[in-house]
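The values are calculated or read from the model by the stated rules, or taken from the named source; none is laboratory data. Please read all numbers here as calculations on a predicted model, not as lab measurements. Cβ placement follows ideal geometry from the backbone for every residue including glycine, while neighbour counts extend to all protein chains displayed. The protein model used for the area step is the full one, side chains on, heavy atoms only, and it has no ligands, DNA or RNA in it. Shrake-Rupley method; radii C 1.70, N 1.55, O 1.52, S 1.80 Å.
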Amino acid sequence: MDEHDARDVARRALARHGVVVLLEDNHLLGLAKPAGLLVQGDPSGHVHLAELVDAYRQQAEQKPGRAYVGLVHRLDRNVSGAIVVAKTSKAASRLAALFRERDERLRKTYLAWVSGHPSEAATLRHRIRREGGVTRLAAPGDTDGREALLSYRREGHATACARLRVELGTGLPHQIRFQLAFAGFPLEGDVKYGGPPGKRPALHALELAFPHPVGGAPVVLHAPVPKDLRRLDKRRGIE
């Protein structure tokens, strides 16, 4: 099997798990992850993105043994959207530094479907901490608290619900879910943070923009909005 055919077969195998390749070169893979897929393994033993990428690279590149899979950031299991995976240790190191240092060239854009009546635009800044798997507001003087910053713009709305475009200034676990809920408009489907019942938190990582780890050219990964969230727009009458 030639390399082109092998890559096509490997991409079809990824697609059976709902994973779509958005961009690929010698240094990185840009992917659209479906809701419900873990990024890395946990005690459940469920299939996860890292092992799927390992299998993909072995098949696409027709190489023996395990492939390098550099996870440089995460998406919650039930959040869909754009994610980048490094294919080399050099790329992983440089990409990880972008996320760790909050490099201004790194841009993370989400779509969030919320209940309530958010204003047209706002910036939210809190100090938060993780406790027992839940994100909470940090008490004054809490040295474990970390700054959480995001801004949003309302894209569409209907009675008691809206769709927001969120730009992350930081990237902490459950940050968007907690900050929007604390502001009075929890995500649709996010019962953990006070939202109305649903199949999953209505959150999608729409775009991820960053300089390429080798050469610095601008990269923009755009993950199409999945069907379940497009249906949510129609069901709620959001325009």
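Rolling a 1.4 Å probe over the protein heavy atoms leaves residue 109 with an accessible area of roughly 0 Å².
In the elastic network of the chain, a GNM with C-alpha springs shorter than 10 Å, the most mobile of 110, 193, 68 is 68. Once the Cα-Cα distance is subtracted from the 0.36 nm per residue extended length, the residue 46 to residue 167 segment shows a gain of 40.5 nm.
Amide H to amide H distances under 5 Å link residue 169 with 149, 150, 151, where only residues 5 or more positions off or on other chains count and H is placed in the peptide plane.
Each part reduced to its alpha carbon centroid, segment 193-239 and segment 1-70 end up 20 Å apart. Highest average first, the peptides 201-213, 91-103 ordered by how many other beta carbon atoms sit within 10 Å of their residues are 201-213, 91-103.
Listed peptides 224-235, 28-39, 111-122 appear in the order 28-39, 111-122, 224-235 once ranked by packing, highest mean of other Cβ atoms within 10 Å at the front. Straight-line cross-link reach from residue 192 at under 25 Å between alpha-carbon atoms covers these lysines, not counting any fewer than eight positions away in the same chain: 33, 108, 227, 234.
Label-to-label distance for residue 158 and residue 121 is 2.6 nm, based on points extended 7 Å past Cα in the beta-carbon direction.
Across segment 145-160, coupling constants 3J(HN,Hα) worked out from phi with the 6.51/-1.76/1.60 Karplus curve, θ = phi - 60°, read x, 10, 5, 10, 9, 8, 10, 9, 10, 6, 8, x, 7, 8, 5, 6 Hz, and Gly and Pro carry x. Approximating the spin labels as points 7 Å out from Cα along Cα→Cβ, the residue 15-to-residue 142 distance works out to 4.6 nm.
Classify segment 95-176 from the C-alpha gyration tensor, please: rounded if a/c falls under 1.5, else prolate or oblate depending on whether a/b exceeds b/c.
Values: a/c = 2.31, a/b = 1.36, b/c = 1.70.
Oblate shape, in that a/c is at least 1.5 and b/c is the bigger or equal ratio.
Using a 1.4 angstrom probe on heavy atoms only, work out the carbon and sulfur share of the accessible area of segment 121-222 in %. C and S atoms contribute 53 percent here. Among beta bridges from DSSP that stay inside segment 106-239, the antiparallel ones total about 100%. Across the options 98, 223, 124, the greatest Cα extent toward the positive end of the charge dipole of the chain (unit charges at beta carbon of Lys, Arg, Asp, Glu) belongs to 124.
With both residues required to sit in segment 35-156, DSSP beta bridges show an antiparallel share near 95%. Rounded to the nearest whole angstrom, the semi-axes of the ellipsoid equivalent to the chain, taken from the Cα gyration tensor as √(5λ), stand at 32, 21, 17, largest first. Packing, as the average of other Cβ atoms within 10 Å across residues, places the peptides 131-140, 49-58 in the order 49-58, 131-140, highest first. For segment 1-42, the convex hull drawn through the C-alpha positions has a volume of 92 cubic angstrom per residue. Taking the Cβ-Cβ separation of residue 58 and residue 90 as r and a Förster radius of 25 Å, what is the calculated FRET efficiency to the nearest 0.05? Efficiency computed from Cβ-Cβ geometry: 0.75.
Average projection, convex hull of the Cα set of segment 1-104: 7.0 square nanometres.
What translational diffusion coefficient, in µm²/s and rounded to a whole number, does the Stokes-Einstein relation yield for segment 155-218 at 20 °C and a viscosity of 1.002 mPa s, taking the hydrodynamic radius as the Kirkwood radius over Cα pairs?
158
Shown for the chain are the DSSP H helices of 15 Å or more along their axis, judged by Cα atoms, with a mean Kyte-Doolittle hydropathy of at least 0.0: 89-100. Among beta bridges identified by DSSP and lying wholly in the chain, the antiparallel ones come to about 95 percent.
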